[in-house]
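Asks: I am attaching a structure below and will ask some questions about it afterwards.
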Amino acid sequence: DEISITQWGASLYGAPFAVGIENGDFKKAGIDITGIIGSAGGGTSVRNILASQTPYGEVATAAALAAARQGLDIVIVNTATHTVAESTLVTMPNSPVKTLKDLVGQKIAITSPKSTSEMVFLMELKQLGIDASKIQRVASGGYTQGLTMLENGAVSAAVLIEPLSIIRKDNYRTVVRAKDMLPAMTTSVGITTREFAKAHPEKIRAIIAGRQLAVQQIYADPRGAAQLVAKQFNMSPELAEVAVGNMIAPRMWTEGGFDKAELDRIAEGLKLVGELNALPDWDHLIDASFLPDDLKASQ
Amino acid sequence: MKHRSLVTAGVVLALALALEVGCRAGLVARTVILPPSEVAASLYDLLRSGEYTSAILATLGNIAISAAISIVGGFISGLIIHASRFLRAGLEPFLASYYAVPTFIFYPVFIVLFGVGSAAIIAIAVLMGVVAMITATLHGLDHLPRVLTRTAHVLRLSPLKTALLVQLPATAPYLFTGMRLAIAYAFIGVIASEFILAGDGLGYAIAYAYNNFENRTMYALMLLIVLAVTAVNAVLDHFDRRLQSRLRR
Amino acid sequence: MIAPSRTLHPVEPLPEPRVAAARLTGVTRIYSTGKKSLHALGPIDLDLIKGEFFSVVGPSGCGKSTLLDVLSGLAPPTDGSAEFEGKPIAGVPEGVGVVFQEDASFPWLTVEANVAFGLRRAGVDGAEIARRVDYALGFMGLRDFKKAYPAQLSGGMRQRVCIARTLVLQPRMILLDEPFGALDQQTRLLMGDELLRLWRETHATVMLITHSLDEATMLSDRVGVMSARPGLFIETIDTGWAKDRDSRIVADPRFGEISGRIWERLRVETMKHMQRSERAAGA
Amino acid sequence: MIAPSRTLHPVEPLPEPRVAAARLTGVTRIYSTGKKSLHALGPIDLDLIKGEFFSVVGPSGCGKSTLLDVLSGLAPPTDGSAEFEGKPIAGVPEGVGVVFQEDASFPWLTVEANVAFGLRRAGVDGAEIARRVDYALGFMGLRDFKKAYPAQLSGGMRQRVCIARTLVLQPRMILLDEPFGALDQQTRLLMGDELLRLWRETHATVMLITHSLDEATMLSDRVGVMSARPGLFIETIDTGWAKDRDSRIVADPRFGEISGRIWERLRVETMKHMQRSERAAGA
Amino acid sequence: MRKIFPPLTIALAVLVGWQVLSATSGAHAVGSPLETMRMLLHMMATSHFWLDAAETGAAFVWSLALSILCGSLIGVALGVSRASGEVFEPILVTFYALPKVTLYPLVLLAFGLGMSAKVAFGVMHALVPITLMTRNAVSQLKPVYWRTAKTLGLGPAAAVRHVVFPAIMPELVAAVRIGFSLSLLGVLIGEMFASKRGLGYAAINAMGLGDITTIMAIGIFLAAVAIAINIGLLTIESAVRHAPAAR
Ligand SMILES: Nc1ncnc2c1ncn2[C@@H]1O[C@H](COP(=O)(O)OP(=O)(O)OP(=O)(O)O)[C@@H](O)[C@H]1O
Ligand SMILES: Nc1ncnc2c1ncn2[C@@H]1O[C@H](COP(=O)(O)OP(=O)(O)OP(=O)(O)O)[C@@H](O)[C@H]1O
Ligand SMILES: [Mg+2]
Ligand SMILES: [Mg+2]
């Protein structure tokens, strides 16, 4: 079976699948995952999932909500990650900007309007009680483009994400790390179609179970996991080790269970950027019946 | 001619109608394509709301600037290259292969060189369009009948007047073909750049709508671009026909 | 074909015979491209007599157009000297008009604007331009088409536009390089009639390059026959026609005699030329 | 220009006079495009006599090519009947060859392959093709260029290729539509000599459409003069030349007489045509 | 020798310009020509790179083959039937001028992801110009060829096969040349959006990491391949033209 994982190979969202495939966790759980369809993220990932033979995949929570809102036949069956810890805000080393407060009246680069990068930034401002309208947000089109703007002096700070921030850590000074400020929230989820869930519940169960094994494995042996990730992602082992290591403390990956508070937190964030105007009807969107029994309880 | 364009319009209308019926009858899923009438209605709402006005203006502005730079720059470069045997011989093989290279791949390099925003987008659109204009200019000058220049001599015109009053109008049909291509490339270059890597403009708005499953908005914006291209094309076509019928022999 | 209402050119007394309008002495022209050089023409000695109609015939590539280039000042001779009205030719001299074989009308201008083009550039004042253009249009039977663009006209009409554009500048010597080369023979004969009329009316010296024996025979006072490249005049034939001839003289028995004589000389030269170019293609 | 080593065509006795190779009776052709219809030709009655050389002259647009279309079976007459060798013409009849004014040599084939093209398509066997092609190439003086492509040849040579391509099919009637229209007059006269040689050698019936009075006069047994559109034969002139004539007869006094006579008839028609098209352009 | 000297000089000038640019454009900017070459050689030593190249190549070959086949057939049909040609031409021309990226979502929705979408995108870019160029070639075919074919006893089918196709061959090769570069562009842009394989994806991935040297290396590789194929096609084109090269 082939499934879809957002940002596969480019960010660490998919690490459990890399580990699980290498370790044989999925086979143990009763499903053979032969390939991963990667995609740029967002709506593309959801559409990929809908178009594939085994319509299961992990996508950003925002994308899942947007798809559901537009009437696509999807259901959330597990959580995947619950941190924005990989996000940072950087500036040039010699810049006078030391804290978020110093940014008032300045410009900062985000990737695009309503993106995760904007959401994280606004949540950070809210946390500190800074009026968001006093800081001008400029859409750069992407993280690297934002850095270019920063270097050219077009903005005073730029949002950044791992692993890019690890590769370039010597060139910039970090102003804030999201993990220091923001609590856990459900940033990505596993989805499938209701139709497929009804037809092949055992496959969904197996995927979730296999993934749970892999997540436990990552936390048990981060270094070993990093090697496996490096292999699957075609990444340098050193980089993988740092990247995985950074995500152990904030416990980036969930085992799959739902947490109402974390779900609501992401919804609040999405409201902040205008993606949502009310809290979603989680009960309708979520089907927790495919979770292993030990996780069902946590709801 | 009138008759033919009526038939053409009829064909387009019939296709739209077939799509409409197909959608309404549920043969095509709503999540894939919307009925044309709904797209048109959505476009109307969207234009009235003014929500996308700034994006539209930004994109059209970039297209206009890129086209202008390509046309003027390409024409002047063409003149220079035509005048210099060495440049001509040196550049000819590259010009012939130019459009085989997917220029697009080099976009990030432009970001580094020109910074983020309009400049990089315009740079890539110009890069795509300018060569078409250069080629057209060279082509036009090559096809300039020698007898016209000789006539200018016989009428004792100065070199400058010869260029302005004889060579320029005589090459106009070729230059116009180059202009059309440059404009088409400006559209493609700008919208594609916005689509892939920008945070603003129509291309970005379409990508955004796509990512958020807002099919109504997405198709409305796509229709807007199709209409804009068709309109520009029709206007250019009109002038082209006049020019060609008068000047080509 | 409307007769002109009043003439544009002052009624001059006919010139004294044997006054040279243009004179070539030992003119040679050699084209050199890179290392190769090609002896195209000469050495030629030629007097064009004021007011005469002189035709040049010769196999293709023999240097006829090159001769015209020298006379019109479009290209200097490699050797020898060229004079127009006693002054050495350097650049296109004032008073010389040229009509080419290829259609040289400007397709972006109306017939009227085409004809006026040269006058405008010369800075002639508006009323005078209007008068002269109207005369030339009338003379060439173009008045009904003055608002038309060249693309709307037949090849013959376009060539008339070019002749009118030259005529309007009141040239004292007109050089024509196969002006009717692209027309069919019957239209050519009729255009020839108009050329004769033009020549009679303007008193200009005319040199006509042509491939057509009929045209040369019927139009000229003198016909110069050139050899294959490098072009030399191998014979000059006096036709002795009256000044008011027209195309009907093709039925004159002397017509066949003259054109037969020209063809006799030319046949050998043309075959020389053909054999030469066949050798080149076969190689 | 190498004489053929052996002849390809059976030595036939000369045909009895007045045997019609082709016969047109009351042939009319009307083009209708949309609502407009244009009466291009006829009604025409014409017998092409077996083995004769017949030329057609007429002002441009008078329907000469239309006449050829009917005779070659490329287009049916709107009215009347057309026969070749006693059988009604429907489609291009076997035994009829056509040469057009435009260069119709295939640029993607060598001279040799061009000449062999028709035979190949007809499925003639290889040895026979080789024999016939070699003969035709030799006859038309093309043997040295058989490996060349048309683009490497002059216009005259390319027209020879087209003639050879027709010749090789051993046509009993050859129709030529201004085959030398694109060549200069001197080359035309020489090509005319070859056409005469071809005609004598093959005993074919030849119909030549031409604009050139010289060509018509020099080549033909009979010249048909057509009126302006709709084309009708207004006069048919018997030249009475000997069969072994060549271009040198242009010096014959009777030559001028005949072409003068043709021109007399044609001049009026040509002027009619020109005035008509001028009216059309001016409107 | 004389012919090769000017292009070499120009190429050298470009290299020097590139070197200067990389020297002045700061830390993470453009890699020097040497670095880029080294990166390219390094990449070409990995199996990964060739997997990507093969993926792109396969999509490209499919889309080009489909475009040529359909384009030339439709083009001939539209060229032979003047009326239909005149009716459809404006539609095709407008489609040709359209920025096809705009329609990418539609392609994704219709074809899903992967090979078929990439091929569809390549075809969308290449089909129309090939069709238009073929139609133009056929409709501008000298009428005397048709007449000659008839007088030599060829039926319509034989005329198309033995006269029309060979006659338009040079234009057809030119059309293939244009189609080739456009379908490559189409496939690459396709890969840039949503795919985990192919050179287009590799480039966009490097773009995300800000790795300009890799992008340049991929770009140079593609450019080299494209130029080589283009030169090959140009050679074929002038060979089937059987005419001395234009001055
Ligand atoms: N610019 C040039 N450079 C080199 N050779 C030239 C040039 N112009 C003409 N020639 C050569 O000089 C010779 C004479 O040319 P010219 O045009 O004077 O002949 P022509 O008699 O006018 O021929 P035609 O009857 O074909 O017009 C020809 O062999 C031609 O190829
Ligand atoms: N296919 C056609 N449809 C409509 N009209 C036509 C067509 N072919 C020819 N004509 C018209 O019929 C008339 C006769 O044409 P045709 O080609 O037979 O003349 P022609 O004597 O051969 O002229 P030319 O000397 O110019 O070759 C012309 O007025 C022409 O415009
Ligand atoms: Mg000449
Ligand atoms: Mg005709």
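The values are calculated or read from the model by the stated rules, or taken from the named source; none is laboratory data. All figures in this text were calculated on a predicted structure; none of them were measured in a lab. Glycine also receives a Cβ, built like all others from the backbone with ideal geometry; neighbour counts cover every protein chain displayed. What goes into the accessible areas is simple: the full protein's heavy atoms, side chains included, and nothing from ligands, DNA or RNA. Shrake-Rupley method; radii C 1.70, N 1.55, O 1.52, S 1.80 Å.
Asks: Which percentage, to the nearest 5, of the DSSP beta bridges contained in the protein assembly as shown is antiparallel? Intermediate values should be presented prior to the final figure.
Replies: Details: 64 of 114 bridges.
So the antiparallel bridges in the protein assembly as shown amount to around 55 percent.
Asks: Let me ask you something else. Quick check: the distance between the Cα centres of the range C:123-164 and the range D:172-230, to the nearest angstrom?
Replies: One Cα centre to the other: 37 Å.
Asks: Where does the charge balance sit around C:G63 when Lys and Arg score +1, Asp and Glu -1, over other residues with C-beta under 13 Å from its C-beta? Please report the intermediate quantities before stating the final value.
Replies: Values: positive: C:R29, C:K64, C:R229; negative: C:D69, C:D177, C:E269.
Summing Lys/Arg as +1 and Asp/Glu as -1 gives 0.
Asks: Compute the accessible area per residue over the range C:102-170, keeping the other protein chains in place, probe 1.4 Å, unit Å². Intermediate results must be reported in sequence, preceding the final value.
Replies: Numbers: 2350 Å² over 69 residues.
With the other protein chains kept in place, the range C:102-170 gives 34 Å² per residue.
Asks: From zero outward in steps of 10 Å, how is the percent of C-alpha pairs of the range B:44-162 spread across the bins?
Replies: The percentages, shortest bin first, are 12, 28, 28, 17, 10, 4, 0.
Asks: Quick one: Debye curve from the alpha-carbon atoms of the range E:9-121 only, equal weights, vacuum; give me log10 I(q)/I(0) at q = 0.11, 0.12 Å⁻¹ to two decimals.
Replies: Taken in order of the listed q values, log10 I(q)/I(0) reads -0.71, -0.79.
Asks: Further question on the same structure: Send over the Kirkwood Rh of the range E:158-207, from the inverse of the averaged 1/r over different Cα pairs, rounded to one decimal Å.
Replies: Values: mean 1/r = 0.0771 Å⁻¹.
For the range E:158-207, inverting the mean 1/r across all distinct Cα pairs yields 13.0 Å.
Asks: On to the next question. For the range B:51-247, with equal point scatterers placed on the C-alpha atoms only and solvent neglected, what are the log10 I(q)/I(0) values from the Debye formula at q = 0.20 1/Å, to two decimals?
Replies: So the normalised log intensities work out to -1.36.
Asks: Then there is this: So how much accessible surface do E and B hide from each other in total, probe 1.4 Å, in square angstrom to the nearest 100? Walk me through the numbers before you get to the answer.
Replies: Details: alone 14550 and 15140 Å², together 25320 Å².
Buried surface at the E/B interface: approximately 4400 Å².
Asks: Can you tell me the orientation of helix E:199-208 relative to chain E, as the angle in degrees between its alpha-carbon axis and the longest Cα principal axis, to the nearest 10?
Replies: Tilt relative to chain E: about 40 degrees.
Asks: To make sure I understand the rule: partners must be aspartates and glutamates, Cα under 18 Å from the Cα of E:K150, and not fewer than 8 residues away in the same chain. Which ones qualify?
Replies: D:D69, D:E94, D:E102, D:D103, D:D177
Asks: Share of Cα-Cα pairs in chain A beyond 32 Å, in percent? Don't jump to the answer; show the numbers that get you there.
Replies: Details: 10945 of 44551 pairs.
Cα-Cα pairs of chain A separated by over 32 Å account for 25 percent.
Asks: How many angstrom lie between the C-alpha centres of the range E:159-180 and the range E:67-113?
Replies: Here the answer is 18 Å between Cα centres.
Asks: Can you list, bin by bin at 10 Å, the percent of alpha carbon pairs in the range C:102-170, starting at 0?
Replies: Percent of pairs per bin, in order: 25, 59, 16, 0.
Asks: Based on alpha-carbon atoms only, what is the radius of gyration of chain E relative to the globular estimate 2.2 N^0.38 Å? Walk me through the intermediate numbers first.
Replies: On the way: Rg = 21.7 Å, N = 247, 2.2 N^0.38 = 17.9 Å.
So chain E has a normalised radius of gyration of 1.21.
Asks: Specify the inter-centroid distance of the range C:62-115 and the range B:216-249, based on alpha-carbon positions, in whole Å.
Replies: If you average the Cα positions of each part, the centres end up 44 Å apart.
Asks: For the Cα atoms of chain E, what angle does the longest principal axis make with the long axis of helix E:82-97, in degrees from 0 to 90, nearest 10?
Replies: Roughly 10 degrees, rounded to the nearest 10.
Asks: Where q = 0.09 Å⁻¹, what log10 of I(q)/I(0) comes from the Debye formula for chain D, counting one point per Cα?
Replies: Each listed q maps to, in turn, -0.43.
Asks: Could you give the longest part of chain D that holds none of the trypsin sites (Lys or Arg not before Pro) found in DSSP loops with at most 10 neighbouring Cβ atoms within 10 Å? Walk me through the numbers on the way to the answer.
Replies: Numbers: sites that count: D:R6, D:R18, D:K35.
The longest uninterrupted stretch comes out as D:36-283.
Asks: In degrees between 0 and 90, to the nearest 10, how far off the longest principal axis of chain A does helix A:222-233 point, with axes built from Cα atoms?
Replies: Around 90 degrees separate the two axes.
Asks: Pick out the long, greasy-scoring helices in chain B: whole DSSP H runs spanning 30 Å or more along their own axis by Cα, mean Kyte-Doolittle at least 1.6. Please report the intermediate quantities before stating the final value.
Replies: On the way: long enough: B:2-24 (33 Å, 1.03); B:53-83 (45 Å, 1.69); B:118-142 (35 Å, 1.88); B:168-197 (41 Å, 1.39); B:215-247 (46 Å, 0.59).
Membrane-span-like by this rule: B:53-83, B:118-142.
Asks: Then there is this: Any lysines with Cα under 26 Å of the C:K64 Cα? List them, leaving off those in the same chain fewer than 8 positions away.
Replies: C:K35, C:K36, C:K50, C:K87, C:K243, C:K272
Asks: Also, quick follow-up: Under 10 Å, Cα contacts only: if you run a Gaussian network model on chain A, which one of A:I76, A:I167, A:I108 comes out with the highest mean-square fluctuation?
Replies: Fluctuation is largest for A:I167.
Asks: Okay, moving on. Can you give me the solvent accessible area of D:C62 with a 1.4 Å probe, rounded to the nearest 10 Å²?
Replies: D:C62 has an accessible surface of roughly 0 Å² with all protein chains in place.
Asks: Also: What percent of all Cα-Cα pairs in the protein assembly as shown falls into each 10 Å bin, going from 0 up to the bin containing the maximum distance?
Replies: Whole-percent P(r) values from 0 Å outward: 1, 7, 13, 16, 15, 13, 10, 8, 7, 5, 2, 0, 0.
Asks: With +1 assigned to the C-beta of every Lys and Arg and -1 to the C-beta of every Asp and Glu, and no other charges, what is the dipole magnitude of chain B about the Cα centre in debye, to the nearest 20? Mind showing how you got there, number by number?
Replies: Numbers: 18 positive and 11 negative charges, 292 e Å.
Dipole size: approximately 1400 debye.
Asks: Let me ask you something else. What is the distance, in nm, between label points placed 7 Å from the Cα along the Cα-to-Cβ direction at A:D170 and at A:T34?
Replies: Reported label-point gap for A:D170 and A:T34 is 4.5 nm.
Asks: Based on DSSP, what percent of beta bridges with both residues in chain A are antiparallel, to the nearest 5?
Replies: Values: 20 of 34 bridges.
Antiparallel bridges: around 60 percent, rounded to the nearest 5.
Asks: So for chain C: antiparallel DSSP bridges make up what percent, rounded to the nearest 5?
Replies: Details: 22 of 40 bridges.
Counting DSSP beta bridges with both partners in chain C, the antiparallel share is about 55 percent.
Asks: A further question follows. Please list, or write none, the lysines whose alpha carbon is within less than 26 Å of the alpha carbon of A:K179, excluding same-chain residues fewer than 8 places away.
Replies: A:K98, A:K101, A:K107, A:K114, A:K126, A:K134, A:K169, A:K260, A:K271
Asks: Summarise the accessible area of the range B:51-247 (1.4 Å probe, protein heavy atoms) by the percent that is carbon and sulfur. Mind dumping the intermediate values first?
Replies: Working: 5320 of 7550 Å².
Carbon-and-sulfur percentage of accessible area, whole number: 70.
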